[in-house]
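The values are calculated or read from the model by the stated rules, or taken from the named source; none is laboratory data. Quantities reported herein were computed from a predicted structural model and do not represent experimental measurements. Virtual Cβ from ideal backbone geometry, glycine too; neighbours counted across all protein chains shown. Only protein heavy atoms, including side chains, enter the accessible area calculation; ligands, DNA and RNA are left aside. Shrake-Rupley method; radii C 1.70, N 1.55, O 1.52, S 1.80 Å.
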Amino acid sequence: MALLRCRGLRKEYAGAVVLDRLDLTVAEHQVVALIGASGSGKSTLLRCVNLLDDLDDGTVELDGEDISDPRVDADRVRRRIGMVFQAYNLFPHLSVLENITLAPRRVHRRARAEAEAQARELLDRVGLGDRADAYPDRLSGGQQQRVAIVRALANSPRLMLLDEVTSALDPELVGEVLAMIRDLKADGMTMVLATHEMGFAREVADEVCFLDAGRVVESGPPEQVLGEPTQPRTRQFLRRIIEAGRL
Amino acid sequence: MTVLDHIPSEAQLRRAAYRRRQTVYSVLVAASSTAALGTLLVVAVTGAPGWERVRRSFLDPEIAWDALPAVLAGLWLNVRLLVCCAAGALLLGLVIAVLRTLRGPIFFPVRALAAGYTYTFRGLPLIIVLYLLTLGVPGLRLQGMPPVLVLGGLALVLTYGGYLAEVFRAGIESVHPSQLAAARSLGLTYRQTMRHVVLPQAVRRVAPPLLNDVVALQKDVGLVSLAGPIDAVRAAQIATAQTFNYTPYVVAGVLFVLLAIPLIAVTDWVTLRSARRQSGGS
Ligand SMILES: Nc1ncnc2c1ncn2[C@@H]1O[C@H](COP(=O)(O)OP(=O)(O)O)[C@@H](O)[C@H]1O
Ligand SMILES: [Mg+2]
């Protein structure tokens, strides 16, 4: 059964159409990679799925429930979806531990000790156990992004949305974040990730969707979309990526 | 190779010696120019034809000593008023600033009222608010009218609340929208996002200007004496009228400065700390 089903999404910003009759279906435990040029609408799609932006048309279903219905409590929906941003967006006034336990304590009303124990366990698992009391500005970019992923996981989400989570990182720090996503896939996490790392998309994704001007132009298994694209615009995009040495 | 192994080169030694000479030279120049200016000032003031008269009517030690208890008693009123008014104005400013951020049509009247309040009270001179509240309101002769002191304090809270609300609002707006997106994506409600993510960052960022306004408030607190209560300035005025000597005003002035020093020091410390935090230091 599909965990996430987007039908006919439309989004405009000041007259410009950013998402245009976009369809996307993600099955449980599936990993979908969104690729496409800058400005093709990847971030907007992820924000609309997480109800951070209002749609101008179309429906989004999560677990069979229409979450784009305005009567739905958006805060309850977001608790089931984890989101990680390109710029990490950690809370600078809170320590690593406080960043991670904020939602469990305030949203899920867990006891402090319980939330902290869970957070420390998650941190230990990704090798950041000794940084629990540090503030974000004391961490490297890679460490910050891993904390951001842990923070999203602490809500035990059904679905993770990852928006170019390695794009702001120095090349030598990309690996540690990708390794974490690999582990998430192994644990069966359902994920939609926008990425410029074509090699990683090929390795980790079950399906790759190529977006252009707010539409899914081509989608399918990574070998097919990245290896033998059928659409001229996909070919053109991949050619540019190869010229830039990113594949 | 360790740092200890390093033997400075010839050029480095020459540079270090030159810098040492420059430092000594700078200290000498600073000391002599300060001494010259100080001497000039003292000679100019004490040598003035009216110096003896000014000294007698402004700097009479005996009168200062006699006026001290009354001025100190007045100052105690200033201190209590300052604490209450600062707390009240900070709270009011914060509430108004948050009300102005609320979105949605239901909150339109609240937003409009909050905006109208900040416009009105930032434009209205404190003296006028003070007179309206302490002279006008008691004129209504309502039952259970609070004492003039409370009304005067209220005038200060209303006026400063308007300024502080704008400072808080600037702080709230300086928090990047991506912080809100991150908080909402975790399932936090708007209120929780404000309370746990936006306001803590906003308040930290505007702490220096907030404290600066509290320093200004401490001087304006004395204006309630216009409505009757005897604060330090009013006590000095009474003492002056009795002795025909202005020394009590100087006493009050010195006490005000002494009172302000710790507050100003805290403000400077907070400013320095936040500047350092923002530039990425510890
Ligand atoms: N808040 C906004 N206001 C106006 N235009 C926006 C906004 N967010 C995104 N856009 C526009 O929408 C288009 C798609 O942006 P985005 O979804 O960020 O693309 P991508 O993530 O694929 O690079 C871009 O042309 C961008 O300029
Ligand atoms: Mg983007």
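Here are a few things to note about the model shown:
- Spin-label proximity, residue B:124 to segment B:141-160 - amide N less than 14 Å from point 7 Å beyond Cα toward beta carbon: B:151-160
- The mean number of Cβ atoms from other chains found within 10 Å of a Cβ in peptide B:174-185 is 6, as a whole number.
- Options B:171, B:193, B:88, ranked by Cα towards positive dipole end of segment B:83-224, top entry (Cβ charges): B:193
- Relative contact order (%) - chain B, alpha-carbon pairs under 8 angstrom, separation at least six: 27
- For segment B:189-205, 3J(HN,Hα) computed residue by residue from phi via the Karplus equation (6.51, -1.76, 1.60; θ = phi - 60°) reads 6, 4, 5, 5, 4, 4, 5, 9, 10, 7, 4, x, 6, 5, 5, 4, 5 Hz, glycine and proline entered as x.
- Accessible area in the full protein assembly, largest first, 1.4 Å probe, for A:185, A:11: A:185, A:11
- Between B:261, B:230, B:127, the Gaussian network model of chain B with springs among Cα atoms under 10 angstrom shows the greatest mean-square fluctuation at B:261.
- Per-residue surface analysis assigns residue B:5 an accessible area of about 90 Å², computed on protein heavy atoms at 1.4 Å probe radius.
- Take every DSSP beta bridge whose two residues both sit in the protein assembly as shown; close to 55 percent of them are antiparallel.
- Taking a sphere under 15 Å around the Cβ of residue B:154 and counting the other residues whose Cβ falls inside, with K and R at +1 and D and E at -1, yields a net charge of 0.
- Chain B - mean residue ellipticity at 222 nm from DSSP helices (-39,500 (n - 2.57) per run, n ≥ 4, rounded to 500): -26000 deg cm²/dmol
- Averaging Cα coordinates gives a centre for segment B:176-247 and one for segment B:79-149; these two points are 13 Å apart.
- With respect to chain A, whose longest principal axis is taken over its alpha-carbon atoms, helix A:112-125 is tilted by about 60°.
- The amide H of residue A:3, built 1.01 Å from its N in the peptide plane, has A:26, A:27, A:28 as neighbours under 5 Å, considering only residues 5 or more places off or on other chains.
- Crossing angle, helix A:171-186 versus chain A [Cα axis fit, 0-90 degrees, rounded to tens]: 90
- Percent RCO, i.e. relative contact order, over chain A, from Cα pairs under 8 Å lying at least 6 residues apart: 26
- For the protein assembly as shown, the Rg and Dmax computed from alpha carbons only, in angstrom: 32.8, 102
- Each residue of segment B:119-127 is assigned a 3J(HN,Hα), and the resulting list reads 4, 5, 7, 7, x, 7, x, 4, 4 Hz, derived from the Karplus form 6.51 cos²θ - 1.76 cosθ + 1.60 (θ = phi - 60°), x at Gly and Pro.
- Close amide-amide hydrogen proximity is noted between residue A:83 and A:161, each under 5 Å apart and 5 or more residues distant or on a separate chain (H modeled in the peptide plane; Pro and chain starts excluded).
- Proximal lysines relative to residue A:42, as straight alpha-carbon distance under 17 Å, when same-chain residues fewer than 8 apart are discounted: A:11
- Value of [θ]222 nm, deg cm²/dmol, for chain A, DSSP H segments ≥ 4, -39500 (n - 2.57) each, nearest 500: -10500 deg cm²/dmol
- Among B:114, B:152, B:210 - extreme Cα towards positive end, dipole of segment B:83-224, charges at beta-carbon: B:114
- Sites counted here are trypsin sites (Lys or Arg not before Pro) in a DSSP loop (not H, G, I, E or B) having no more than 13 other Cβ atoms within 10 Å; the longest part of chain B that contains none of them is B:142-282.
- In loop segments of segment A:1-69 as defined by DSSP, the GluC sites (Glu not before Pro) with at most 14 further C-beta atoms inside 10 Å of their C-beta are A:28.
- Database remark: amide H of residue A:191 closer than 5 angstrom to the amide H of A:30, A:31, A:32, A:160 (H placed geometrically; neighbours at sequence offset of 5 or more, or on other chains; Pro and chain starts carry no H).
- Share antiparallel - DSSP beta bridges, segment A:156-220, percent rounded to 5: 50
- Sparsely packed trypsin sites (Lys or Arg not before Pro) within segment A:40-115, loop by DSSP, other Cβ within 10 Å at most 15: A:71, A:109
- Separation of alpha-carbon centers, segment A:119-189 and segment B:27-68, rounded to whole Å: 67
- Each Lys and Arg contributes +1 and each Asp and Glu -1, all at the Cβ; summed about the Cα centre of segment B:83-224, the dipole is approximately 400 debye.
- Charge dipole (debye, nearest 20) of the protein assembly as shown; +1 at Cβ of Lys and Arg, -1 at Cβ of Asp and Glu: 1340
- Rounded to the nearest 20 debye, the dipole magnitude of segment A:91-157 is 240 debye, with +1 charges on Lys and Arg beta carbons, -1 on Asp and Glu beta carbons, and the Cα centre as origin.
- The B-A contact accounts for approximately 1900 Å² of buried accessible area, totalled over both chains at a 1.4 Å probe radius.
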